[in-house]
Amino acid sequence: TGGDSVFPASARYGADSQQSYESVYEMHPFLGSARGGTEVRFVFHDVFPGGISLIYCRFGGHLAEPLSWGYKKWVGAMEVMCLAPPGVANTHVKAGISLNGVEFFPGGKGSQLFYYYKEPVVTAVMPQTGDIRGGTRVSFFLSEDVLGNALGSIPKEKFTEALYAVQCMFDKTIVPSEGVHLCTPAQSAGSPVPCVVCISPPAEQREVGQVQVKLALNTINW
């Protein structure tokens, strides 16, 4: 058609936004449930363009606007929060941030890949009682090696990072895990099964009673 083309201001490249494509982000977490719904933070520690009114999140072929974005004082960097869509368990997709839906920022430390895992099924929690002062070594037995199946041949350093993200919750108290191990239930003569081990915290009210326990493989999805 005749006439001048109009380039939307929200996608216009200024001097600083051209430099922004040299920025590198870190993505946290880099894995989530295949059901979707994982809140993923893209943290930029380098130059980020000013005057931008529209940002896109990409997970594979899925493109959407972020939940929120802005400068976060507590991390001292620009942060974009995106919601991961549902995916296929034990697969991974390319993830990233774009100002125009076409060109994407390069990821750092291999963080441009987002891995989907199958929701873990906890078959048993042992022991089922512990000291009110805490310190009990509690094992969460899983139906399968969820992380191993999801991450496959991921580099060793990234797998180690994933293990650090595994956490347990006792009521509202979150504690780090000792990672994923192979454990044999005390009353079973079968083969060892994957398990997550956590040390129980002191009871919140210092009273005898039950607490609800939960497991998260990525610090987000409980």
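We did not get these values from a lab; they are worked out from the coordinates using the rules stated. Note that the structure is predicted; figures quoted are calculated from it, not measured. Glycine also receives a Cβ, built like all others from the backbone with ideal geometry; neighbour counts cover every protein chain displayed.
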For Lys214, go through the lysines and keep the ones whose alpha-carbon is under 21 Å away, minus same-chain ones fewer than eight residues off. Lys118, Lys172
The range 52-105: which chymotrypsin sites (Phe, Trp or Tyr not before Pro) are DSSP loop and have at most 11 other beta-carbon atoms within 10 angstrom? Trp74
Across the Cα atoms of the range 120-216, what radius of gyration and what greatest pairwise Cα-Cα distance (Dmax) are found, in Å? 14.2, 46
Lysines whose Cα lies under 22 Å from that of Lys72, excluding same-chain neighbours fewer than 8 positions away: Lys109
Pseudo-spin-label distance Asn149 to Thr136, built 7 Å along Cα→Cβ, given in nm, is 2.9
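Highest mean first, how do 167-180, 123-136 rank when packing is the count of other Cβ atoms within 10 Å averaged over residues?
Working: 167-180: 16.7, 123-136: 12.7.
Top of the packing list down: 167-180, 123-136.
Please report, in debye to the nearest 20, how large the charge dipole of the range 120-216 is about its Cα centre when each Lys and Arg carries +1 at its beta carbon and each Asp and Glu carries -1 there.
Numbers: 7 positive and 9 negative charges, 15 e Å.
My answer is approximately 80 debye.
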Potential lengthening between Arg35 and Leu63 on full extension [0.36 nm per residue; Cα-Cα distance subtracted]: 8.4 nm
The range 120-216, relative contact order in percent, only Cα pairs under 8 angstrom and at least six apart counted: 35
Estimated FRET transfer efficiency (Lys172, Thr123; beta-carbon r; R0 30 Å; 0.05): 0.80
